[in-house]
Amino acid sequence: MSRIRLLPEILASQVAAGEVIERPASVVKELVENSIDAGARKIEVSIRRGGISLIRVVDDGSGMDRDDALLSLERHATSKIRTAADLAAIATLGFRGEALPSIASVSRFRLTTREPDAVAGTEIIVAGGKIETVRDGGEAPGTQIEVRSIFYNLPARRKFLRSENTESRNLEHQLHLQATGHPEIAFAFVRDERVVFQLPPAPSLLDRIRDLHGKDLVSRLLAVVEGDDPKLRIRGLIGQAGVSRQSRAQQLVFVNGRAVENPVLTVALREGYHTALMKGQFPVTFLFLDLDPGAVDVNVHPAKREVRFRDPNGVREAVVAAIRRTLESGRQQWQEQFRAPAVAGIVDPGPPAPVTVSPGPGSSIPATAPLPSLEVQPNESLVSYWEPPAAVAGSRPQQFQIIGVPSQRLLLAQTFELAPRDAEWVERNVATLQKMGIGIEPFGQNAFKIDSLPTFLDVADPVTFMRKVIDGLKSASNGSSAMRLGEEMIAKTVCRHAVKANDPLRYLEVEKLVMDLLECDLPYCCPHGRPTMIQISLAELEKKFGRKV
Ligand code: ADP
Ligand code: MG
């Protein structure tokens, strides 16, 4: 007797729903994608109890006639692709024809829809996949879908739902993705009768992000500097060096308008930021890749979150380059803003930018003087330390002034002994160490002499420092290339030994340090991505000193 049977239609839909509809947020994703594909200019999402009791999505898109409305609930019914060739170059968000029947099979479902010039619309009510009512409906042109009691007939799935708050947050994140991907569409989100956000159609991505996240974040974003490859356009906004998050929640990447997760892209972002990002942190990106739909396969995952690139290496390289270009441009902007000295040859091949070093009034401000302007004058000593080229006679004031307390530091040449294994290791690595500015050489059996250290270091005890460096280098060298080893080491030494809190430095050294910092490619964060400077506004200072409330 044969044992194989075709699944009844509803059961097949429920099986499909298992993949496509994981939680309320997946329903929102599918419904909003449909609204976007239908050309909606305005999409309103309302939920109750984290979407578990109700999800309603209302759009002003194309709507459907009655036949299509009925067909849309059949499995594998789609208006978006017809042939295998269409599948190979998908230009819409949907294409699987599975979302509506899946959702309708695991909820109490109501669809009302009307085409713009139709006299009447259609209303269809479905419960657990079974069509119960089909009748004329009189709603406004567009489509409205209500999904109630999700998984009411699938207790196993229902058990996996999280708290209303968690589901709600997932759902809101999903809406953020869609709203970021489509700034031109108005979005509204209502949770338990309360308006969470109402986004007008935005003229640009920047406006949409400001509406979603506020102007503080926007002020720390850089517009992606586009390349010239017409086949792969990379645009959007990304966080400046040093701007990071503890999760990937704001690491958004869109491929042809679709929010995606893709390991190639994740690696490329990380690589593009490199030292501009703290280890273990994630960048803030609103990155858009537009490429020929034929060059990317979106038919990878039932929920359509994953994509595969035909040329992953090309995409990776392009993204890395775009991020680097953009961070570099951020440095330029930053210099403009603070009028810091430009580094000739890095971004501007023209003559060195003029930087003023006009002698200032010095440090004594009478106690009764009004609050000085924050645009302070430099000290004369800057001139002697920075030794600017002749072109440097300009008239712009230099905006940095050191307000620290000067003191003393020591640096002595010393000899020291190491355990035989460490000694052998150092001997093998003398060349690398010397390349880093550490003047170390063998000095008898297992003994070494250091006679110089990199100038940027401030080290009280060179021997202790050397032992730490050796430990650092030993652990860093495991499995790393020699090049990486050097980089890692420099990062560690700069951060741990350069200027620690409370290390005494002389005034001139502080100045030199600041000037050196300003000449770095990415002055505003350390090699680990931590910020090297913060800005405190005059208003903030005044508030802290009780001059303002
Ligand atoms: P897919 O989006 O993969 O085509 P769906 O099951 O999500 O599959 O939708 C089936 C079809 O129903 C779509 O192809 C589209 O023609 C129609 N449809 C769904 N939602 C809407 C909507 N909001 N407005 C207009 N048409 C819609
Ligand atoms: Mg769809």
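The values are calculated or read from the model by the stated rules, or taken from the named source; none is laboratory data. Just so it is clear, the model here is predicted, and its values are computed rather than measured. All Cβ positions, even for glycine, are placed from backbone atoms using ideal geometry, and neighbour counts span all protein chains on display. Side chains included, ligands, DNA and RNA excluded: accessible areas come from the protein's heavy atoms. Shrake-Rupley method; radii C 1.70, N 1.55, O 1.52, S 1.80 Å.
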Determine the sum of side-chain charges near residue 98: Lys and Arg each +1, Asp and Glu each -1, restricted to other residues whose C-beta is under 11 angstrom from that of residue 98. 0
In a shell of Cβ-Cβ distance under 12 Å around residue 417, excluding residue 417 itself, what net charge do Lys and Arg (+1) and Asp and Glu (-1) give? +1
Globularity index of region 179-332, i.e. its alpha-carbon radius of gyration over 2.2 N^0.38 Å: 1.05
What residues have an amide H closer than 5 Å to that of residue 42, excluding those fewer than 5 places away on the same chain, when H is modeled at 1.01 Å from N in the peptide plane? 60, 186
If you wrap a convex hull around the Cα atoms of region 245-302, how much volume per residue is inside, in Å³? 93 Å³
Take the solvent-accessible surface of the protein heavy atoms, probe 1.4 Å, and return the percent of it on region 156-243 that carbon and sulfur atoms account for. 48 percent
Within straight-line cross-link reach of residue 159, aspartates and glutamates at Cα separation under 17 Å, skipping those fewer than 8 residues along the same chain: 19, 22, 167
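Of 80/130; 279/548; 215/512; 279/468; 231/279; 80/215, which pairs sit farther than 30 Å apart, going by alpha carbon to alpha carbon?
Going by Cα-Cα distance, 279/548; 215/512; 231/279; 80/215 fall outside the 30 Å limit.
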Once you compute Rg and the Kirkwood Rh from C-alpha atoms, what is the Rg to Rh ratio for region 107-252? 1.07
Report the trypsin sites (Lys or Arg not before Pro) located in region 248-309 that are in a DSSP loop and have at most 12 other Cβ atoms inside 10 Å of their Cβ, or state none. 279
How long are the semi-axes of the ellipsoid equivalent to region 50-155, from square roots of 5 times the Cα gyration tensor eigenvalues, in whole Å, largest first? 22, 19, 12
Between beta-carbons, use under 11 Å as the cut-off and find the net charge around residue 66, counting Lys and Arg +1, Asp and Glu -1. -4
Low-density loop positions, trypsin sites (Lys or Arg not before Pro), region 137-214 - DSSP coil, at most 16 other Cβ in 10 Å: 159, 162
